[in-house]
Amino acid sequence: MMKKLYIAAFSMAVSLPIAAQDTYESARLLGSDLNGTARYVAMGGAMDALGADISTISSNPAGIGLFRHSNASVSLGFVTQQDAREFDGKKKTTMSFDQAGFVYSTRLSRTSFVNFAFNFHKSRNFNQILSAANSLKECSQNGLTYDKALENIYYFDTNRQDEAIGYYSPGEVSWAYSQSDYINANVLMANVEKHLADKSADWIYYNDANAYTFDRAHRGWINNFDFNISGNVNDRFYWGFTVGVKDVRYRGYSEYGESLVNLVDQPVGSVVTGDERKITGTGLDVTAGVIIRPIEDSPFRFGFSIATPTWYDLTSKNDTHMMNNSEVGYWDKGHSSNDYDFKFYTPWKFGVSLGHTIGNQVALGLGYEYSDFSTATNRVNKGDTYWYEDYGYSPSYTDEAMKRNTEKSLKGVHTLKAGVEVKPIPEFAVRVGYNYLSSPYEENGVRDMRLESPGVAYSSTTDYVNWKDTHRFTCGVGVKLNAVNIDLAYQYSGTKGDFHPFQPYEGNTGVTEVKNYRHQVLLTLGYTF
């Protein structure tokens, strides 16, 4: 007879104060969307050398130095995901408050200024619905749990609560034994009563699956709060520094289902896992930039920028349930939940840009950025609240096993930005742009659940996507009415990826193509004073 399992995994199975995140969960925080003012978006973000737009505050802070008057602006719009189906109450079209900020300009001389600015903008909009389905052959999620034991990554035994646990050595739970493994083992695989009666008997079993379905609704954002000081020296040299504070609010709910089969490929029912993951916290980074106009009688200029890593301090929480609707297994439901603090450091980012104007009618912008995502670092908290009393002591350390996985699965990312603005009359502007983002994932990148890592131990899901290149096409118009400007932008963003329900280990793991095509309409209202 099946029983009910309500134990919270790892709060009892692994009572350790340290924790880290895995490569693919942390990768959600890398990079940024093309977002900001409508002018900046319509130009494909290619304004780092042109400047005089508040959205350059986080890409090249020297762009704020080109303001000669104080300015305030606010932006909002709509984002819709093409071809998505509604899931978990998540609509495919949502409204978004994207930007609000001001620049206070102070004149030192006829051609020199010192400016101060603050800007809020949504650097990441997590809202997305992801769906996938495919066949499986000679594999399953619980089969991966079993395969890890076959490879001697851990061995199964029972703990004091008579739960099936994957041990590295007697009394030491393996860091490769994840929350997902825990639920699979106790709901579907372990005949604990048989093991307690005869320690030498076989008591762990698994079942392959012939198909899976998957749906996840992502929600949330990364909000940037940027504080800037910048300047203009003789209208030839522009400089700027920005301190950025980030607020992370992510929530994802997924349902993963498998159709199980027996040894002769006959259906034996299904199993469904519902997982809710929340990531919250803050981050801090610093960006510096310069813009130089090398020829006195030419408006041509070029810019350079450098951004430190974002140092994130985060909390992750999950609540995971498995419902067993099959003829196999020894429990009809299982539950696992946990919460932990960890740190995540993003890579450095470098940018170069060009800008040129032709009279007052045409503005041309071009930009390039590079950031090596393979150098992102997941850090394990030591759990010592008094670390600051010990000179030279760090409260966290690098998760070395996950670092090696990040180096194998992520890579350097190239961003190319190009934009044109044409003003047929001074009060009206037409803009077009293009923004290209190369894939941050290696083609054979993998969410490796075999690692002896806290990032694996706290994982409650096994799926991952290797996203490919992203192409963004933009356009827009702007109207200036005395001190008021009204700008409208449209952005189309498209990317494809390979969805994996779990890492390959044998058979056909059902890799399937997924898409993320998005449309954004953005409106900015600005006032110059």
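Before moving on, here are some points about what is shown:
- Put simply, of Tyr250, Tyr238 the only residue that is within 30 Å of Ser140 (Cβ to Cβ) and either touching a Gly at 6+ places or on another chain (Cβ under 6 Å) or open to solvent by 60 Å² or more (accessible area, probe 1.4 Å) (or both) is Tyr250.
- Qualifying residue in segment 83-106 (condition: free of Cβ contacts under 8 Å to residues at least 24 places away in the same chain and under 18 Å from Ile229 (Cβ atoms)): yes
- Test: residue in segment 488-501 that is in contact (Cβ under 8 Å) with a residue 40 or more places away in the chain, part of a loop (DSSP other than H, G, I, E, B) and open to solvent by less than 10 Å² (accessible area, probe 1.4 Å): yes
- Unique residue being part of a strand (DSSP E or B) and either in contact with a Cys (Cβ under 8 Å, 6 or more places away or on another chain) or without any contact (Cβ under 8 Å) to a residue 40 or more places away in the chain (or both) when the list is Thr287, Thr280, Thr273: Thr280
- Test: residue in segment 299-311 that is more than 30 Å from Thr111 (Cα to Cα), modelled with pLDDT of 95 or more and assigned to a strand (DSSP E or B): yes
- Hits in segment 194-221 (condition: basic (Lys, Arg) and over 33 Å from the mean Cα position of the chain (by Cα)): Lys194, Lys199
- Filter result (over 20 Å from the mean Cα position of the chain (by Cα) and at pLDDT 95 or above) within segment 1-44: Thr37, Ala38, Arg39, Tyr40, Val41, Ala42, Met43, Gly44
- Note on segment 311-334: among residues that are closer than 16 Å to Ser459 by Cβ and in contact with a helix residue (DSSP H, G or I) (Cβ under 9 Å, 6 or more places away or on another chain), the one that is most open to solvent (accessible area, probe 1.4 Å) is His321.
- Sole residue being of a type in the set (Val, Ile, Thr), modelled with pLDDT of 95 or more and open to solvent by less than 10 Å² (accessible area, probe 1.4 Å), chosen from Val187, Val243: Val187
- Residues that are part of a strand (DSSP E or B) and out of contact with any Phe, Trp or Tyr (no Cβ under 7 Å at 6 or more places or on another chain) within segment 502-516 comprise Asn508, Glu513, Lys515, Asn516, listed in sequence order.
- Scanning segment 106-158 for residues that are farther than 30 Å from Asn184 by Cβ, open to solvent by 40 Å² or more (accessible area, probe 1.4 Å) and among the small types (Gly, Ala, Ser) turns up just one, Ser109.
- Looking across segment 420-446, just one residue is basic (Lys, Arg) and open to solvent by less than 60 Å² (accessible area, probe 1.4 Å), and that is Arg431.
- In segment 18-47, residue surrounded by the fewest Cβ atoms within 10 Å (Cβ to Cβ) [restricted to those that are in a loop (DSSP other than H, G, I, E, B) and among the hydroxyl-bearing types (Ser, Thr, Tyr)]: Ser32
- Counting only helices (runs of 4 or more DSSP H) that sit completely within segment 132-235, those holding 1 or more residues that are hydroxyl-bearing (Ser, Thr, Tyr) correspond to 141-150, 179-184.
- For segment 48-65, a residue qualifies if it is surrounded by 24 or more Cβ atoms within 10 Å (Cβ to Cβ) and either more than 27 Å from Ala376 (Cα to Cα) or modelled with pLDDT under 95 (or both), and the qualifying residues are Ala49, Leu50, Gly51, Asp53, Ile54, Gly63, Ile64, Gly65.
The values are calculated or read from the model by the stated rules, or taken from the named source; none is laboratory data. Only a predicted model underlies this, so the values are computations on that prediction, with no experimental measurement involved. In this analysis, Cβ positions are derived from the backbone assuming ideal geometry, glycine residues included, and neighbour counts consider all displayed protein chains. The accessibility values were calculated without ligands, DNA or RNA, using every heavy atom of the protein model including side chains. Shrake-Rupley method; radii C 1.70, N 1.55, O 1.52, S 1.80 Å.
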